[in-house]
Amino acid sequence: MPLKKILLPFTIVSLILSLSCYADTPSTTKQRSGYSFFGAGYDLVDYEENTVRIIDGKTVDVETASGLKFTQHSGAYISVNRNWGFYLGSSSTLGESQSEEQWQIDDISVKTNKVSFERQRIEGLITYRLAPERYFLLGVQYSNIDFKRFAAHLTPEAASFGVDETTFSAGTVSESVWDLSLKIGYEMSTLFDSNHPGWQYQVQAIAGLPLTTSITNTDVNEGQSYNRHFGGIQLRLNLIYGYQFNENIVAALSLELALRRRDAISHDVVGSTGITEFPENTLLYSFPSFILLWSF
């Protein structure tokens, strides 16, 4: 995955964090108000798959061009008392968009196809106040990611590596992955800490460990699902920066950056093309959106 694609979102993060230093953030230990939120924007997705397939003595790398998908996120924060509260939230892509994908040997493309991604997430996080505007987060997350590959074509260079129509699967290949993960994180937030108009922000850094993962791939294990425990890591950074108009309404810009890496899974599974393993893959996405938050 090109380094510049990874560095650009984090450059944006640094800028937003710098701006947050100017937010109106008076320290307070009063109970934070509960609120609901809804946001909408576009996912920008990069996907890379490190296959175990060997062709002409070389590995095959799979890279997907960035693609945009309209996405929503919504939920609520429920304040229990001065120190405790919890989040309930969901996020999902809406509709379908297509991106180009390339299968490469020594940086030479031997196959191209289209690919479509969809993701859904339901999350619950308990919050505990560590200090004014500082919180500890702990919870669980259910997520599901679906993708399908279709409209495949071999390139003219494929023949030089001995690749022909029998090398890869013909037709559409789809995969559905759901996991249940343990989440732990840290939050800095001034949202609804004050009843006065002014600039407010929230920063959440969250790490996750998949407790169980279920994979269904039409090209592997004869299309049967396969379960795996503790196979990978999930990292997410959530940023909100906006203006509080009164004690009830905040309008803001939001940016979510996430990385999901799934370890390669070796198992006695065989597909139509002799695949005996689910390969390691990395999904990196950024999700800028406009978000409205209200407390009544």
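Rule-based calculations on the coordinates, nothing more; no lab input. Just so we're clear, the structure is a prediction, and the values are computed from it rather than from any experiment. Note that we place each Cβ from the backbone using ideal geometry, even for glycine, and neighbour counts take in every protein chain shown.
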Would you mind ranking Leu293, Leu68, Leu283, Leu237 so that the residue whose beta carbon has the fewest other beta carbons within 10 Å leads the list?
Leu68, Leu237, Leu283, Leu293
Distance check, please: which entries in Lys58/Lys114; Lys111/Lys183; Lys148/Lys183 exceed 30 angstrom between their Cα atoms?
Lys111/Lys183
Long-range amide H partners of Glu133, meaning residues 5 or more apart or on another chain whose placed amide H is closer than 5 Å, are Thr28
Once you place label points 7 Å from the Cα toward the Cβ at Ser160 and Ala251, how far apart are they in nm?
5.6
Relative contact order (percent) for the stretch 102-222, with alpha-carbon contacts under 8 angstrom and 6 or more residues of separation?
25
Of the GluC sites (Glu not before Pro) in the stretch 65-123, those whose Cβ has at most 15 other Cβ within 10 Å and which sit in DSSP loop:
Glu96
Cβ-Cβ FRET estimate between Arg261 and Ser90, R0 fixed at 22 Å, reported to 0.05:
0.45
Ser109 paired with Tyr42, simple spin-label distance in nm, labels 7 Å along Cα-to-beta-carbon:
2.1
